[in-house]
Structure formats: structure tokens, C-alpha cells
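Taking it in order: structure first as C-alpha cells, then the write-up.
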Amino acid sequence: MMSQISSLANLGWQAFFQQQLSLDEWDEAIPARVVEQFKSEITVATESGVFNIPLLATMPEMVVGDWLLLDKQQHVLRLLDRKTFFSRKAAGTKLKRQLISANVDTAFIMSSMNDDFNLNRIERFLALVNESGAEPVVLLSKSDLSETPQSFVEQIHALDPFLVVEAINCLDRESANKLTPWIKPGTTIAVLGSSGVGKSTLINTLLGEQRQSTSGIREDDDKGRHTTTRRSLISLDAGGMILDTPGMREIQIVDCKDGIATTFADIEAYAEHCKFSDCQHQGEPGCAVQRAIASGDLDQRRLTNYLKLRREEEFNSASLAERRSSDKALGKYYKQTLVDAQKLKGR
């Protein structure tokens, strides 16, 4: 899997990580990157090779893309600070934040130009990427099957005229070559999107071989089937790394206030001119956002999605904060119980 690795740069090592090392660590420690993650172990890559490390309860929470320092016996010394990271609320009813990946420079947000095209979902991914600190690039796949690809591009530019958008055919190497400005030594790319949009197909085209499993979409609803089952970093011939992720239909956002504000910067700018600082943009007098909708400068769909994502983020963040507070209080109770039991021992 990592046959092209010949240096730390090819693994995505940058000055940001090197600056975190002490002189002793630079001499003695071994930088290693997490390239795959399992329940009981992680796969890491170093300049000298690829190997697995068992996960222990004493280790920090790690995710694909993380940089670690190892000793000569391949034991984890510490986790380096992350340059960027993606997270979401864990799927289902779990009150937990789930890490998706770390230290990604550019995120390709993929969407098909078919009936599965969804602006609300693209905005959700954009909020996630903007919060992470990575650069978002929107890829519109299946350009060979669309009669009007430019109309899809225009819909994305209507969200933000400065967004980088590329219409591509994931099966065509020449089409995929449009992405070369972002694929270079020392960089890490993540490919995000729903199942069936062509993430694994694109990666296979960039690799020049059938490495990732692929499958077609369902004809009845244009929705895809899951083919990637776990996150993994893959080395590219052009240098750098690319991350394939399982299709994510449920992306509940959490701790994402800044990401939402960046994604909906136009609405935030209108809101600054509302009569009331706590305006909810739901019919209050003097609402500049509603004036923009009435004049046609702002789309009602976009405002509705903005308010939905903001409510979701506030609810999830508050729930997780309450969970953290509860866990902290419970931990203190257990600790005090052990102390009291120790005092009573032998009486």
C-alpha cells in the first residue's frame, strides 16, 4: 500500500509538525503517521516501513492522519498537535464527538450531477471543512452523464462565488488531471461525500490501478452503495497522500459554529444590519435577512438550511457539554469514593 514512500515529505510531514519536536526528540524519536485504523490497533507508516501498533487504554485518542512520535521499540511516546481535523457527532443517539481524520490540507467535497445532487448536503460538508481549517474544493462527478454540467457549477457558485468548483469524470485520467494543483508532495487530500458519488473511482484513476472497491448506484433513486468500509491514507505517485472515507449520509455537526458562519458568510453579513442583535430572521421587524430574501438577493432555501444547521449545532454542542460535565462529576465521585474507602480500610 505504501510502496512509494521514500521520505517523511511523501507522508505529509510539514514544518508545522517538525517545530513541535525538541532537540532530543529530533535525535531519538521516530515520526510515524496513522494510515489506517481498526478497533484494536492502528497501522502507521514511517520512513523505514509500515507496521501495526496495538491500541492501549493509556494512549490518547487517535485517528487516521495523526502524527505520532515512537521510540526505538515502536512504542507511542506522544501525539503531535493537529494542524486540522474533522469531527462530527457520533451517528445515532450516542452523545459523543467522533473524529473523522486529521492533518488534511485540502478536502474534495464530491457530489454527483444527478438526482442525488443536494445543495443542503454540500453546505453541511462545507461547514465541516471550514471548521476543520482545511481548504474546500467542490468536485461535481459524473460530468460525462450530465447534459448540463455548467448548470450544476453555477448552483455551487451561487452559494459562494469564490468557491473552487471542478466538474470531472472520475473514470477519465485527463479529467482527473484538473486536480493536480492540489496533489503534490507534502500535502494530504481527503475525499468526502455520500456513497456512490465516485470517491473510490476517482482514487483508482489517480492511482492508475484498481486499488479501491467500487460499485454502481441504484437505478431507482440514484443513491450509492457503501464500498469503502474504513478510512485509509493512500500514497500517490505524484507525492502526498489521499484519504478515502466511507460514504457519510448522516453528518450531525457539533462544535462547528465558526464553520457555519464561514459557509454562510452572506447571511452573517446581512444579519449585521438587522434592527435587533438577537434577531432570529423569522419575521422580526427590521430584519435585514428577510429584506434580502424579499428583494431576491438571498434564497429562502439557503436561510432555512442555515437556521437548521445552527439549531442542530447548538443542540449537539450543548448536549455534549452537559455529557462532559456529567462525566467529570462522576469521575470525581468515583475518585472520592476510592479515597474514602482507603481511609476506612482496616478499621
For residue 104, list long-range residues whose amide hydrogen, built 1.01 Å from N in the peptide plane, is under 5 Å from its own amide hydrogen. 84
For 268, 166, order by how many other beta-carbon atoms lie within 10 Å, fewest first: 268, 166
Distance in nm between label sites at residue 145 and residue 311, each 7 Å beyond Cα in the beta-carbon direction? 3.4 nm
If you take the charge dipole of region 5-148 about its Cα centre, with +1 on Lys and Arg Cβ and -1 on Asp and Glu Cβ, which of 46, 110, 57 is farthest toward its positive end? 57
Counting other Cβ atoms within 10 Å, which trypsin sites (Lys or Arg not before Pro) in region 11-97 have at most 15 and lie in a DSSP loop? 39, 72, 94, 96
Could you run the Karplus curve 6.51 cos²θ - 1.76 cosθ + 1.60 with θ = phi - 60° over region 105-116 and give me ³J(HN,Hα) per residue in whole Hz, x for Gly and Pro? 8, 9, 10, 7, 8, 9, 9, 7, 8, 8, 5, 8
Take residue 301 and residue 21, extend 7 Å from each Cα along the Cα→Cβ direction, and tell me the distance between the two endpoints in nm. 5.0 nm
Amide H proximity to residue 77 below 5 Å, modelled H, separation 5+ or other chain, gives 69, 70, 71
Please order 256, 279 by the number of other Cβ within 10 Å, starting at the fewest. 279, 256
Amide H contacts under 5 Å for residue 167, restricted to residues at least 5 apart in sequence or on another chain and with H modeled in the peptide plane, are 140
Cα extents of region 9-79 per principal axis, largest first, Å, are 33, 24, 21
Can you sort 111, 319 so the residue with the fewest Cβ neighbours within 10 Å comes first? 319, 111
In nm, spacing of pseudo-spin labels at residue 59 and residue 277 (7 Å Cα→C-beta vector): 4.8 nm
Can you tell me the length gained on complete extension of the stretch residue 269 to residue 177, counting 0.36 nm per residue apart and subtracting the Cα distance? 29.5 nm
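Each value in this text was obtained by applying a stated rule to the coordinates, not by laboratory testing. Note that this is a predicted model, so its numbers are computed, not measured. We place every Cβ from the backbone using ideal geometry, glycine too, and count neighbours over all the protein chains shown.
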